[in-house]
Amino acid sequence: MAFTKLINKLFGQQQPKSTSPQQVLIKRPPRIPKEPIHQLSFEFQGPPKTRAEIANVSVGGLGFVVTPPAAADSPHWPPTGTITPSIFTIGAQPFPVEFKLIYVGPSSAGGAFVNSSREMLVALQQHLDAELAGAVMSYIGPEMLNPEPDGAPHWFQSERAELFLVEKNNEVLRFNLMCFGNYVESETGKPLRFGQIVDNGDRSKPSYNKGSAKVHWAATVEPATLIMISRLVKHIPKLPPQFRDGILNLIKAR
């Protein structure tokens, strides 16, 4: 939903149309830092054939860690601007790719995929599904939301995920989160509740905390689901670190 339409939904007001020219901004695909949980590797096919350490990844390209020239495993970088046949491994599946190295600096390097195959992009999207869903979430602050009796509300939302939290003095008191059909809610001093969404309710306003979503509650939650939720939370761009850590702690304390 466009931002102006969301404002109209929340406040019931029409926003004036701007008569000035609008600048079109093209967003760069979100870059996800590589973590140990990610099974990703990259190798230039050369010559010589050299393996590069991935620092971050997006659907458009990769960033690498540059090791000191004296290091035994320092990659022999192809010339910048050239397109080099390479192998990008996602999980256990190797994908032949063409890669254009754009820059090499003292501590980092980076470049872009060229003519990526649909199969590779689908596999990468699936491998980073939780991180990418978190990375595109937008933020609406307490000044635009109905007040909560116990603290300040914050709403993070995208097409595939939603997080609503209430905090006081920078401490998360409670939250509920929906992603990929899963629903999780937690509150300080109370156990985690988990279920599956069976009715999304009204997605035009942050009302999941008021029970608009119908949830089929479950007695237990799979560890893999909690890991997926944690991966999403870690990558919400405008979620302050103290809120992120508070939510992760509530999940861990289930």
TODO: Sort through L132, L145, L192 and tell me the only one that's within 30 Å of P78 (Cα to Cα), at pLDDT below 95 and open to solvent by less than 40 Å² (accessible area, probe 1.4 Å).
DONE: L132
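Would you say N115 is at positive phi and surrounded by fewer than 16 Cβ atoms within 10 Å (Cβ to Cβ)?
Values: at positive phi: yes; surrounded by fewer than 16 Cβ atoms within 10 Å (Cβ to Cβ): yes.
So N115 passes the test.
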Task: Answer residue from segment 83-105, given it is open to solvent by less than 50 Å² (accessible area, probe 1.4 Å) and over 17 Å from R31 (Cα atoms) and is modelled with the lowest pLDDT among those - done: G105
TODO: Mind listing whichever residues of segment 3-62 are at pLDDT below 50, assigned to a loop (DSSP other than H, G, I, E, B) and of a type in the set (S, T, Y)?
DONE: S18, T19, S20
Task: Residue satisfying all of: in segment 155-192; of a type in the set (S, T, N, Q) and assigned to a strand (DSSP E or B); nearest to P142 (Cα to Cα) among these - done: Q157
Task: E148, sole failed condition from (1) acidic (D, E); (2) outside any loop (DSSP other than H, G, I, E, B); (3) farther than 19 Å from V221 by Cα - done: (2)
Task: Residues that are touching a residue at least 12 places away in the same chain (Cβ under 8 Å) and under 13 Å from L40 (Cβ atoms), drawn from segment 87-112 - done: I87, F88, T89, I90, G91, A92, Q93, F95, V97
- [ ] Looking for whichever is touching a helix residue (DSSP H, G or I) at 6+ places or on another chain (Cβ under 7 Å) and within 30 Å of E162 (Cβ to Cβ) here; the options are A130, A123. Which one fits?
- [x] A130
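Could you say which residue among R160, R174 is under 22 Å from S230 (Cα atoms) and touching an Asp or Glu at 6+ places or on another chain (Cβ under 7 Å)?
Details: R160 fails: touching an Asp or Glu at 6+ places or on another chain (Cβ under 7 Å).
Among R160, R174, only R174 is under 22 Å from S230 (Cα atoms) and touching an Asp or Glu at 6+ places or on another chain (Cβ under 7 Å).
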- [ ] Could you run through segment 158-167 and say how many residues are open to solvent by 10 Å² or more (accessible area, probe 1.4 Å) and either free of Cβ contacts under 8 Å to residues at least 24 places away in the same chain or closer than 19 Å to G246 by Cβ (or both)?
- [x] 2
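The values are calculated or read from the model by the stated rules, or taken from the named source; none is laboratory data. As the structure is a prediction and not an experimental result, all values here were calculated from the model. Please note: Cβ atoms are built from the backbone with ideal geometry, for glycine as well, and neighbour counts cover all protein chains shown. Accessible surface areas use protein heavy atoms only, side chains included; no ligands, DNA or RNA. Shrake-Rupley method; radii C 1.70, N 1.55, O 1.52, S 1.80 Å.
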